[in-house]
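Working notes for the structure below.
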Amino acid sequence: MGIAYSIGKKTTRIISSAFNTALLIIILLLLSLAFYAIWDTGQVHHAAEAARYEKFKPTVENAGVTFDELKAINPEVLGWLTVYGTHIDYPVVQSKDSNLKYVNTDAFGNYSLSGAIFLDFKNSPDFSDFNSIIYGHHMEKQTMFGEIGFFTDKSYFDARKYGVLFYEGKEHGIEFFTFAHTDAYNNAVFRTNVIEEDDRQQYLELLYALSLNTHEDVQVTIEDRIVMLSTCSETTTNGRDILVGRLCDEVFHDPFYVKPAIPAYRTITSIDKLPDLWAQTPLWMKLVILAAPFLLLLLVIMTVRTVRKRKRPYSRLL
């Protein structure tokens with residue numbers, strides 16, 4: 001009876017210990033996955049930051065040399081968009097046959113959940129169409145087109161009236177004249193074949209009808225060329241926010257520009273390549289690396305428990 005009771009008690013203790021250990025392992029693995037999910041979200045936002053492309057931005061000083069380097073990496077890069085007073089400062093790309101490609105492909109041509117800023121594939125790459133539609137993801141942390149929705153606020157809209165669009169080796173000014181809200185399935189808005197004069201006039205009237213904010217002093221006619229920055233809206237399901245401006249030969253002054261205190265240059269070192277190395281690391285290896293500290297902690301805990309058990313008197317184990 002005593003032996004059977006002792007064996008049963010030991011068996012119960014072993015099962016309990018195994019259960020607790022398994023539970024601890026599961027908790028640690030869940031923590032690892034949670035930390036990985038947080039880290040992965042941060043990487044998505046990092047991939048969307050304009051700073052990744054800063055060194056390729058065409059300027060008067062470098063005569064577009066660095067921009068040509070970016071085009072050599074991805075020949076579908078065709079321009080550069082900047083909206084003064086925001087973090088919108090990105091290269092513009094255009095797929096030859098679909099708007100889906102750059103939904104999850106960055107300007108370097110690599111897979112990325114943040115995608116790229118891209119021109120509608122049906123638009124002319126020289127922005128000669130009456131309306132050119134540029135798309136971008138609405139993202140947090142003021143990346144990609146995440147700030148377009150801010151133009152809902154009248155004071156924000158009034159303070160940010162200008163931008164610049166670089167294409168075909170030259171900068172062109174953008175004078176924003178309206179901020180509109182519509183549905184993603186509004187085919188009357190999201191079309192590029194606005195050709196005839198009457199059609200252009202009706203198109204402008206439609207944009208004004210959908211407008212939430214407007215610069216009354218900006219006179220837009222059917223002879224102008226307009227550029228539309230479109231992104232998802234936070235306020236409505238399947239909603240789209242559209243910031244619309246007219247293209248000008250004049251490049252407007254940036255009222256938000258602050259001259260840097262030191263020369264704006266940087267040296268590319270091996271440190272710059274670290275994010276790319278991590279991006280190329282297989283998922284299973286990332287999980288192992290992230291879980292390693294927790295597994296080490298688990299090993300220490302189990303070792304301490306084993307040592308403490310060995311120090312107990314034999315009578316206490318029965």
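What follows draws every value from the coordinates through simple rules; no lab data is involved. None of these values were measured; they are calculated from a predicted model. Positions of Cβ are generated from backbone atoms using ideal geometry, with glycine treated the same way; all protein chains shown enter the neighbour counts.
Multiply the residue gap between D199 and I15 by 0.36 nm, knock off their C-alpha separation, and tell me the result in nm, one decimal place.
Length gained, D199 through I15: 58.5 nm.
Arranged by the count of other C-beta atoms within 10 angstrom, fewest first, what order do E216, E49 take?
E216, E49
Report the label-to-label distance for K71 and T235 in nanometres (one decimal), using points 7 Å from each Cα along the Cα→Cβ vector.
My value for the distance between the label points is 3.9 nm.
So if each residue of separation counts as 0.36 nm, and I subtract the Cα-Cα distance between N104 and K170, what length gain in nm does that give?
Gain in length upon complete extension: 20.9 nm.
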